[in-house]
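Asks: Pasting a structure here, questions to come.
Computed from the coordinates by the stated procedures, all read-outs in this text should not be read as laboratory data. Computed from a predicted model, the values in this text were never measured in an experiment. All Cβ positions, even for glycine, are placed from backbone atoms using ideal geometry, and neighbour counts span all protein chains on display.
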Amino acid sequence: MSTIPHHLMRYGAAVLGAIACSAAVAALPPPTPEQQKAAAAKKEQAAAEAEKQKQELAASMEKVTEHWRSQAKANGWETRPPVPVSAPQGIQASTSQSSASGQPEGRLGSAAQQAPIRSEKLGTAPPSEDVKKKPSDDSGGKK
């Protein structure tokens, strides 16, 4: 009978298996030009299929919307015109802002520039009322 605990043998086997797999993966040759072409074709096919599914989804959503609106009209429900939605512009849309949000041309107005800075942290404002007060020494606590 073995003196090594059973769970340690399992961990050891798992570690050896991981080492063997990593050695096998590291030894794989680079893909041949034919394999690269096949992978590119497969990627193109997947992208075309995804675009097709996207178009089908949009069409089915339009169909559901039209059906709901016709039912709403028949039942006298209040409807509003659909909100026009532009196509997503991607991550670059948020970086093309010409100025800071809420500030004309990204600059502080004259009133904001002249306003004094009031901050509890800087000590230029009194503490808030909701701040807990420290207990005083004569509160009757144990010493």
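Asks: I'm a student and want to see the number: the projected area of the Cα convex hull of the range 41-91, averaged over all directions, in nm². Could the numbers behind the result be given before it?
Replies: Details: hull surface 19.8 nm².
For the range 41-91, averaging the hull's shadow over all directions gives 5.0 nm².
Asks: Please give the net charge around R69, taking every other residue with its beta carbon less than 12 angstrom from that of R69, where Lys and Arg add +1 and Asp and Glu add -1.
Replies: Numbers: positive: K63, K73, R80; negative: E62, E66, E78.
Local charge sum for R69: 0.
Asks: Within the range 36-84, how many Lys pairs sit with Cα atoms under 20 Å apart, leaving out pairs fewer than 8 places apart on the same chain?
Replies: Values: K42/K52; K42/K54; K43/K52; K43/K54; K52/K63; K54/K63; K63/K73.
For the range 36-84, the number of qualifying lysine pairs is 7.
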